[in-house]
Amino acid sequence: MMVDGETVGRAAFEREIADRFGLLPNLFRSAPAAPGLIEEIWTFGKSAYLDNPLPSLLKERLFVYLSRFCGAPYCLARHVGFLLGRGRPAGDARATPETIQEAGELLARPLPNAGTLDRALARLEALRQPAESPAPRSQMEADLFDAASVLFVAPRQSERARLAIRNAWGDTKLELVTVLLAFIRMAHYWTETHPDLGYEPDVTALMREHPELAALMPDANEAQRAQETIRRISSNSPKVAPTKVDEDQSARLLSELQHRMRNTLAVIRSVVRRTAETSETIEDFANHLDGRIGAISRVQLAVARDPLAGFDLAALLSDELCACAAREGEQFELSGPQVYLNPKAAENIGLAIHELATNAVKHGAFTAQRGRIEVTWWTQQRADSEWLCLHWKESGMAGRPVKQAREGFGSILLQQMLQYDLGAEVTQAFEPSGYHCEIAFPLRRNKST
């Protein structure tokens, strides 16, 4: 009998799932009309749930607890089965299953009210350093479950809960919890939109053998009321009070933005004046000024997102060259390590690259069919300072005259302004193949400006 490749592949896929869970859940038999889709869900499930490095029993208990908010019973029943050893908790053959009594206590655990949620978050917030993973049925696990229920049901109102989990468990585990919650939400949505998903035989037998468990399974209306309860108490929960660190950070950001605004206005005034001095006509002045203000604005938009973070040099170069309608990989290439510039350096280098790119459009590499620009950069240690060296190399101009433009704003910028503002060293050469320019300046010189 001939067996096609699709059948073999499907059999291997189902065998992989059964090897992890000890059985094949019906969820992974669904959506036969969309071949390959369930395989993608499985990939997400492995990374977010099965291979997530959080403790297996904690993941399965959290899956069960949060499945009380699902309007379809399949998820809750299936994961209660895993928790009880009908299959494997979180796909882990080494995990110790829970008892019927322990699973029943988890299902019967009351949802938090405003007071219990506030106390749970306060305990998590009071921890002086991130704790180890909580033991099953411990107070810390209960507190984490209450916080996670807010993050799960009402993410837009979960700032305090999210920060409490981060304080108690650290940044990495907060993200591991968040991705697990994302998979659980996906599983809930999938089961609610696929009402034909039925219990597996082992779950049906479990509910028949233990009617006390079946009686604890909420119906759709109870799940909806549970969600409304969490949304209500999270919306009425006290907001995160600003800490001294938050206030200091806000003051620093405000001071930095005010300082940057003054500096930016000074740069714009200088650009306007220099552009007027080097323009021959009103039209020439307007065109050049528009391009230069555009270069400044591109830097400012990025700086405004986080004035303390710095500006990615590669992004700055790409933005300016793409603004000239150049195509990366075809007309220009960028190569160098990741470097972040402070705002003042970013403004000056952004203007310099804008002038170099504009000149390439008018007189240089971008006027030739085979013209290309290569921009490379590297850092080097000079005395006690780290310097950035940036090399602009145009090629493809062989056989064409390489024009040296008259003394204009670009020349003044490269020869005078960069030296004054950044302490830069600039060298230029007009080679037969095209124009070259190297700009070197100390990266740390203007750190506080």
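The values are calculated or read from the model by the stated rules, or taken from the named source; none is laboratory data. These numbers come from a predicted model, not from an experiment. Cβ placement follows ideal geometry from the backbone for every residue including glycine, while neighbour counts extend to all protein chains displayed. Calculation scope for accessible area: heavy atoms of the full protein, side chains included, ligands and nucleic acids excluded. Shrake-Rupley method; radii C 1.70, N 1.55, O 1.52, S 1.80 Å.
Entry note: the range 1-109 has Rg to Rh equal to 1.02, where both radii use alpha-carbon atoms and Rh is the Kirkwood radius. Extending 7 Å from the Cα toward the beta-carbon at both ARG109 and THR193 defines two label points whose distance is 2.9 nm.
Here the 3J(HN,Hα) profile of the range 382-396, calculated from phi with Karplus coefficients 6.51, -1.76 and 1.60 at θ = phi - 60°, is 10, 6, 9, 10, 8, 10, 9, 10, 10, 10, 9, 10, 9, 9, x Hz, Gly and Pro shown as x.
Extension gain for ARG156-GLU228 works out to 24.5 nm (0.36 nm per residue, less the C-alpha to C-alpha distance). Cβ-Cβ distance of ALA12 and ILE282, R₀ of 56 Å, FRET efficiency by 1/(1 + (r/R0)^6): the value works out to about 0.20.
Measuring r between the beta carbons of ARG119 and VAL179 and using R0 = 35 Å, the FRET efficiency lands at 0.80. Note on the range 109-243: dipole from Cβ charges, positive end direction compared against SER138, PRO211, LEU124; the farthest Cα belongs to LEU124. Estimated from the Cβ-Cβ distance and a Förster radius of 22 angstrom, the FRET efficiency linking THR379 and GLN428 is about 0.55. Taking Cα centre as origin and charging only the Cβ of basic (Lys, Arg, +1) and acidic (Asp, Glu, -1) residues, the dipole magnitude of the range 133-223 rounds to 480 debye. Taking a ≥ b ≥ c as the square roots of the eigenvalues of the Cα gyration tensor, the range 30-84 is classed as oblate, since a/c reaches at least 1.5 and a/b does not exceed b/c.
Taking the range 191-215 and a reference point 7 angstrom along Cα→Cβ of ILE100, the backbone N atoms nearer than 20 Å belong to 200-215.
Remark: relative contact order (the range 22-180) = 21 percent; criterion is Cα-Cα distance under 8 angstrom and separation of 6 or more residues. Length gained on full extension, GLN129 to ARG29, computed as 0.36 nm times the residue gap minus the Cα-Cα distance: 31.6 nm. Take SER335, project a point 7 Å from its Cα along the Cβ direction, then tell me which residues of the range 345-380 have their backbone nitrogen under 16 Å from it. In the range 345-380, the label zone of SER335 (backbone N under 16 Å from the point 7 Å along Cα→Cβ) covers 372-379. At full extension, THR172 and ASN236 could sit 20.2 nm farther apart than now, given 0.36 nm per residue minus the alpha carbon distance. A 1.4 Å probe run over the range 142-186, with the rest of the protein chains in place, finds 38 Å² accessible per residue.
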